[in-house]
Amino acid sequence: MERTAPQRGTVTERAIEQIKAMIGGGSLEPGQRLPTERDLAAQLGISRSSIREAIRALTVLGVLEARHGSGIYVTQLEAGDLLETFGVVADLSRGPQLVELLEVRRILESTATALAAARITRAGLAEVEEHLAAMEATDDPEEILSHDLAFHRAIVAAAGNETMAAILEGLSSRTFRARVWRGYQEEGAFERTRREHLRIHRALVAHDPEAARAAAAAHVGEVEAWLRGQLG
């Protein structure tokens, strides 16, 4: 009985998994140059064309990088680079998917804000306060929203978890559009946002993680509830 040859996609997926295993196992370190396609194909027992496709896929995901005239290298495997594609997926989401993303953001941002309340330094608080003051000093929607993003980014940075920060960066860039939409359509939205930010700030100043968690969850929850109402 004639055997069916495996599909190219299946072989490519196996190549991807084996290269990832080499990195995860330490035989390929961050910053290290990948063996040539020919050597990898011989080492893994996979065709050069499948190795090439696997390298291309891992490059898109930020695991590998091509350096012109030098070869293919393992990246530094920074969370922001590896999770960049997550932000793209978030950007393309809409409707019920956007509500799900806001749910995730509410959970993660409330946790990050609680961590920040325990860990934030004077310099970190000063940065948060700078953006808070800038929001108070203007009625321009674009400026308010710009400082809104920076306010949350500074808090998440103070939490000290780069992976969480990378995920939230993707979620915030997407939900930025929802906040713009809300700001232009719902009367009093910006004033409400300012009040919510003040509650978050007070919890950070007091170094009160649970108050910070509750204030951040309520803040993101307002946007989430508004969007659910818009979708009916």
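Could you work out how far helix 162-185 tilts from the main Cα principal axis of the chain, as a 0 to 90 degree angle to the nearest 10?
So the helix axis and the longest Cα principal axis differ by about 50 degrees.
Based on Cα positions only, what radius of gyration and what Dmax would you give for the stretch 51-155, in angstroms?
Computed over the Cα atoms of the stretch 51-155, radius of gyration and Dmax are 18.7, 56 Å.
Suppose a student asked you for the relative contact order of the chain, using Cα pairs under 8 Å spaced at least 6 residues apart; what percent would you report? Display every interim value, and only then the final one.
On the way: 272 pairs, mean separation 50.3, N = 232.
RCO, the chain: 22 percent.
What percent does the relative contact order of the stretch 16-135 come to when contacts are Cα pairs within less than 8 Å and at least six residues apart?
On the way: 72 pairs, mean separation 22.8, N = 120.
Dividing the mean separation by the residue count of the stretch 16-135 yields 19 percent.
Return the carbon/sulfur percentage of the accessible area of the chain, one whole number, probe 1.4 Å, all protein chains in place. Numbers along the way, then the final one.
Values: 6670 of 12720 Å².
Ligands and nucleic acids excluded, carbon and sulfur give 52 percent.
Identify, among Leu145, Val220, Ile167, the residue whose Cα sits farthest towards the positive end of the charge dipole of the chain, taking +1 on the Cβ of Lys and Arg and -1 on the Cβ of Asp and Glu, with the dipole about the Cα centre.
Ile167
For the chain, compute the orientation-averaged projected area of the C-alpha convex hull (one quarter of its surface), in nm².
Details: hull surface 71.5 nm².
With the hull built on Cα positions only, its mean projection is 17.9 nm².
Return the calculated 222 nm mean residue ellipticity for the chain, to the nearest 500 deg cm²/dmol, obtained by summing -39500 (n - 2.57) across DSSP H runs with n ≥ 4 and dividing by the residue count. Could you put the intermediate results ahead of the total?
Details: 11 runs with 173 residues, N = 232.
Helices in the chain give a 222 nm mean residue ellipticity of -24500 deg cm²/dmol.
Leaving out ligands and nucleic acids, note down the accessible area per residue over the stretch 28-132 with a 1.4 angstrom probe, in whole Å². Walk me through the numbers on the way to the answer.
Numbers: 5720 Å² over 105 residues.
Value for the stretch 28-132: 54 Å² per residue.
Counting only trypsin sites (Lys or Arg not before Pro) that sit in a DSSP loop (anything but H, G, I, E, B) with at most 14 other Cβ atoms within 10 Å, what is the longest stretch of the chain containing none of them?
Working: sites that count: Arg3, Arg94.
The longest uninterrupted stretch comes out as 95-232.
Compute the helix-to-body angle for 122-136: its Cα long axis versus the longest principal axis of the chain, expressed 0 to 90° and rounded to tens.
60 degrees
For the chain, with a Gaussian network of springs between Cα atoms less than 10 Å apart, report the residue from Ala203, Ala217, Ala54 with the top mean-square fluctuation.
Ala54
Please give the helix 48-60 orientation as an angle from the longest Cα principal axis of the chain, in degrees from 0 to 90, rounded to the nearest 10.
For 48-60 against the chain, the angle is about 10 degrees.
The values are calculated or read from the model by the stated rules, or taken from the named source; none is laboratory data. Here the structure is a predicted model, which is why all the values come from computation and not from measurement. Note that each Cβ is placed from the backbone with ideal geometry, even for glycine, and that neighbours are counted across all protein chains shown. For accessibility, only protein heavy atoms count, side chains too; no ligands or nucleic acids. Shrake-Rupley method; radii C 1.70, N 1.55, O 1.52, S 1.80 Å.
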